[in-house]
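Before any comments, here is the structure.
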Amino acid sequence: MKTSIATVTLSGELPEKLEAIARARFDGVEIFENDFLAFDGSPADVGKMARDLGLQITLFQPFRDFEGMPEALRIRTFDRAERKFDIMQELGTDMVLVCSSVSPAALGGIDRAAADFHELGVRAARRGLKVGYEALAWGRYVNDHRDAWEIVRRANHPNVGLILDSFHSLSRKIDINSIRSIPKEKIFIVQLADAPLIDMDLLYWSRHFRNMPGEGDLPVTAFTEAVASTGYDGYFSLEIFNDQFRGGSTRAIAADGHRSLVYLADQVRRNVETPIGVAMPERADVKGIGFIEFATDEDEAIELIALLHALGFRKAAVHRSKKVTLFEQGSIRILVNVDTAGFANAAYAVHGTSAYALALVVDDADKAYERALALDAEPFRQAVADGELEFPAIRGVGGGVIYLIDDKSPLGRFSEIDFEPISEEDAAVDAGLLRIDHVAQTVAYDEMLTWLLFYTSIFDARKTPMVDIIDPSGVVRSQVIENESGALRITMNGAENRRTLAGHFIAEKFGSGIQHLAFSTNDIFATAETLRAQGFKPLHISPNYYDDVEARFGLDPDLTERLKGENILYDRDEHGEYFQLYSGTYGEGFFFEIVERRGYRGYGAPNAIFRIAALKKQMRPEGIPKDASWHPS
Ligand code: MG
Ligand code: MG
């Protein structure tokens, strides 16, 4: 796939945008007129800058309100076009994007428009230039690519062609199969954008909420399959208007854009015979979480290990060459790394005690790794001692590590080879914790789409709709990434302000990361009792919560009493019941959760507000007025 992106997609000054686009490995760039007008250099300077970075200028845009003007305005419109042609020649691009007119002065009439385009084609051809026509979804007379194509067809000039834009066609639910009968040489370029499904004015939706293919809800893959079926193998260019992207990291957004196109091409080539895209292994099926590794130091490890003990984790083995201890319960493995060298130590130095690494068990680790790298994931490597196992690994949220392991690197061998079993009796009593139910990651709000695309493009997983969680100090956006079997369940919380618990976590942890781990049990009440006996202190939940939950769900008062007695939260969906028990926070907001699912498929979102309030009460020093920022800094 030949990839391109419009400068309007990114934040920053033009040189910064071009640098980020080249760095993200795009082949081309669309120059937006405003970016060029705000830049001090000449069109030739911009052209040289792009070429020096190895970027082709795929087009110059936009040229508005061209077709169908009455005679008096028509002459001026053609003069404007000639001036755009001058700039294009200096820039070194051969194509201009003409979007369908929204001018109240325009007269309409398909043959009048076709005649205008024929003349524009004649003038462009004199200079070796091309004209591409795009139907805006809110165009005055032309707002459908089928009408734009009919005008291009009647214009009947080799230098006039059609520009398709997935947003304009999909937002109006135009039949995508109508693209299949357009001759490929008349499709001059294809612009791609996705968007979340929102019922609003098309223009406003388009200008503020577009996002990268795969990040939204529009059928961009089906659109691209229809384009690919024509044999088209020209540029696919991202044209995204998004308020968040305009304020985001230029490089990160460019990188997301490239990943989205590589992923899109991969999906398309699995369904359509097409030269676009590169062969890569399928999305990796996650079968479980192999282990979670905490980075900490000797002092802070004492509190963490005490908490693990209270949760019923048994010290099972110690690493042969590093200061790493393996704790186990059920199929859960937790590593506590207090090594004073290596990446874990560096992660500890930056983030404090944190769950910086997780291992995902996949069918074939090498294939998953190959796919991750094809999708621009950053590889992670560090030195291992002679004979020790080395797992393929990539960088994840907050610079953390995701190890990829499979049956060829069984965890049994992993512990035998790298770890020495501990023979002494461990006092911890098994609390019935069986497996990791979900991993909750907290990220800055503007990173959410990045990680969503990261997980869903590399792993066979889907995203659930975003929900808002009301924190007493602001809104936290929450979205789930999960697979069919439930072996992979990641809840991602995006925090906009630092007074929310999630925002505080990011501010104090110097970045995104795992904020809680949820373990599953088959008997939450038995687990709670065992934990209590071992000195585990659950998060205290307000008694008012239980009155409400009893009324809301019509619970048996005996059950409500038991829930209240153990500080267990309750929820229900159409599939079943959910029970949640939380630890207090450790460090700057990390905590553990224990859940029992009786068929329930969600994550207890309605309870989040009560959990957050309880955690904050625990963290807030006494005597601070309610309206003050609750955190100590
Ligand atoms: Mg467009
Ligand atoms: Mg949870």
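The values are calculated or read from the model by the stated rules, or taken from the named source; none is laboratory data. Predicted model, so just to flag it, every value in this text is computed and none were measured. Virtual Cβ from ideal backbone geometry, glycine too; neighbours counted across all protein chains shown. Accessible surface is based on the protein model in full, side chains and every heavy atom, while ligands, DNA and RNA are left aside. Shrake-Rupley method; radii C 1.70, N 1.55, O 1.52, S 1.80 Å.
Assorted remarks:
- Unit charges at the beta carbon, dipole of segment 286-421: most positive-side option, N337, L311, A355: L311
- Sequence-distant lysines (8 or more away, or on other chains) whose Cα lies within less than 17 Å of K408: K287, K367
- Percent carbon-and-sulfur accessible area, segment 434-616, ignoring ligands, DNA and RNA, probe 1.4 Å: 51 percent
- The magnitude of the dipole of segment 286-421, with charges of +1 and -1 set on the Cβ of Lys/Arg and Asp/Glu and taken from the Cα centre, is near 220 debye.
- Spin-label model, I302/R172: points 7 Å from Cα along the beta carbon direction are separated by 7.0 nm.
- In terms of its C-alpha gyration tensor, the chain comes out prolate, because a/c is 1.5 or above and the ratio a/b outweighs b/c.
- Centre separation in Å (Cα based) which lies between segment 532-573 and segment 423-492: 23 Å
- Percent carbon-and-sulfur accessible area, segment 2-269, ignoring ligands, DNA and RNA, probe 1.4 Å: 48 percent
- Averaged per residue, segment 481-624 has 41 square angstrom of accessible surface, using a 1.4 angstrom probe with ligands and nucleic acids left out.
- A dipole drawn for the chain from +1 and -1 charges on Cβ atoms has a positive end, and of G132, L192, I469 the residue lying farthest that way is G132.
- Cα-based reach from K617 at 22 Å (exclusive), listing lysines while leaving out same-chain residues under 8 positions away: K509, K537, K564, K626
- Cα centroid separation - segment 373-397 against segment 81-111, whole Å: 50 Å
- Global form of segment 286-421, assessed from the alpha-carbon gyration tensor, a/c cut-off 1.5: prolate
- Each peptide among 368-380, 554-566 gets the average number of other Cβ atoms lying within 10 Å of its residues, and from highest to lowest they stand as 368-380, 554-566.
- Nearby lysines by direct alpha-carbon distance to K17 (threshold 26 angstrom, same-chain neighbours under 8 apart not counted): K2, K48, K84, K130
- Look at the alpha carbon pairs under 8 Å that are at least 6 residues apart: their mean separation over the length of segment 286-421 gives a relative contact order of 29 percent.
- Accessible carbon and sulfur surface of segment 321-402 relative to its total accessible area, %, 1.4 Å: 50 percent
- FRET efficiency for K537 and V350, using Cβ-Cβ distance with R0 set to 25 Å, rounded to 0.05: 0.30
- Dipole of segment 227-386, positive end: most advanced residue of S321, F236, A383 [Cβ charges, Cα centre]: S321
- Inter-site label distance for F78 and S331 at 7 Å from Cα along Cβ, in nm: 7.4 nm
- Dipole size of the chain about its Cα centre, with +1 on Lys/Arg Cβ and -1 on Asp/Glu Cβ: approximately 1660 debye, rounded to the nearest 20.
- Computed [θ] at 222 nm, helices only, for the chain once each DSSP H run of length n ≥ 4 contributes -39500 (n - 2.57): -11000 deg cm²/dmol
- Inter-part distance, segment 1-31 to segment 154-212, computed on C-alpha centroids, equals 20 Å.
- Rounded to 0.05, the FRET efficiency of the V102 and A38 pair, given R0 = 30 Å and the Cβ-Cβ distance, is 0.80.
- Average accessible area per residue (Å²) across segment 1-158 - probe 1.4 Å, nucleic acids and ligands excluded: 41 Å²
- Average accessible area per residue (Å²) across segment 190-239 - probe 1.4 Å, nucleic acids and ligands excluded: 32 Å²
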